[in-house]
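This report refers to the structure that appears directly beneath it.
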Amino acid sequence: MRLVWNSSLETGLRQIDLQHEELIGIINALQDILDSGAAGEAAGPVLTRLGNYILFHFGTEENLMRGLPGHRSDHLAEHRAFVARFDALRQSAPLTEASLNALVDYLNTWLATHIQQTDRALAKELLQNRLAGGAALPPR
Ligand SMILES: [Fe+2]
């Protein structure tokens, strides 16, 4: 399954949307490796890049949500649980086609669900509380 950027994934915060697009692009690079029939070795550098970008991206969101204490703990818990599962999956050796497939499926499913539910709720609260700028701000 390949995740393709579409309007259902927009949060209304351009900074977050651009980072989500980048994440989807890196996950699709893993899918490209699978499609080309390359061995698990080729996935190593892409997984490292993905792991680093995930931490950078979660850091961006977690900084933004500091002003929303009511929102924060559940969202942080989702990030923590994801990182734990992602690390466990990517470190399971050897990285076979089957395990890489399972990893890509997990990434796509988690990311789409998380964006559409948790990140959209975050963006909405930030915009309502004037804690971030975005296209979705209503006219005053
Ligand atoms: Fe998030």
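Every number here is computed from the coordinates shown, using simple stated rules; none is lab data. Since the model is a prediction, treat every value here as computed from it, not as a measurement. Every residue, glycine among them, receives a Cβ derived from its backbone with ideal geometry; neighbour counts consider all protein chains shown.
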Only one residue in 31, 19 is part of a helix (DSSP H, G or I) and touching a His at 6+ places or on another chain (Cβ under 6 Å), so which one is that?
-> 19
Consider only pairs whose beta carbons are under 7 Å apart and that are at least six residues apart or on different chains; among these, list those whose first residue lies in the stretch 19-35 and is without any contact (Cβ under 8 Å) to a residue 24 or more places away in the chain and over 12 Å from residue 50 (Cβ atoms) and whose second residue is surrounded by fewer than 18 Cβ atoms within 10 Å (Cβ to Cβ) and not polar (S, T, N, Q).
-> 21/5
Can you pull out the residues in the stretch 3-32 that are surrounded by fewer than 13 Cβ atoms within 10 Å (Cβ to Cβ) and under 16 Å from residue 109 (Cβ atoms)?
-> 4, 6, 8
Looking for whichever is over 27 Å from residue 34 (Cα atoms), crowded, with 16+ Cβ neighbours inside 10 Å and more than 10 Å from the ligand (Cβ to nearest atom) here; the options are 122, 127, 103. Which one fits?
-> 127
Scan 118, 60, 113 and give me the residue that is within 20 Å of residue 2 (Cα to Cα), under 15 Å from the mean Cα position of the chain (by Cα), part of a helix (DSSP H, G or I) and of a type in the set (Ser, Thr, Tyr).
-> 113
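One line per residue, one yes/no per condition, for (1) touching a strand residue (DSSP E or B) at 6+ places or on another chain (Cβ under 7 Å); (2) in a helix (DSSP H, G or I); (3) touching a residue at least 60 places away in the same chain (Cβ under 8 Å):
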| position | (1), (2), (3) |
| --- | --- |
| 11 | no, no, yes |
| 49 | no, yes, no |
| 64 | no, yes, yes |
| 76 | no, yes, no |
| 95 | no, no, no |
Taking residue 38 and the conditions (1) hydrophobic (A, V, I, L, M, F, W, C); (2) more than 30 Å from residue 129 (Cα to Cα); (3) surrounded by 16 or more Cβ atoms within 10 Å (Cβ to Cβ), which numbered condition does it fall short on, given that it satisfies the others?
-> (3)
Output for the stretch 72-100, where each listed residue is loosely packed, with under 15 Cβ neighbours inside 10 Å, out of contact with any Asp or Glu (no Cβ under 8 Å at 6 or more places or on another chain) and of a type in the set (A, V, I, L, M, F, W, C) | 77, 81, 83, 84, 88, 93, 98
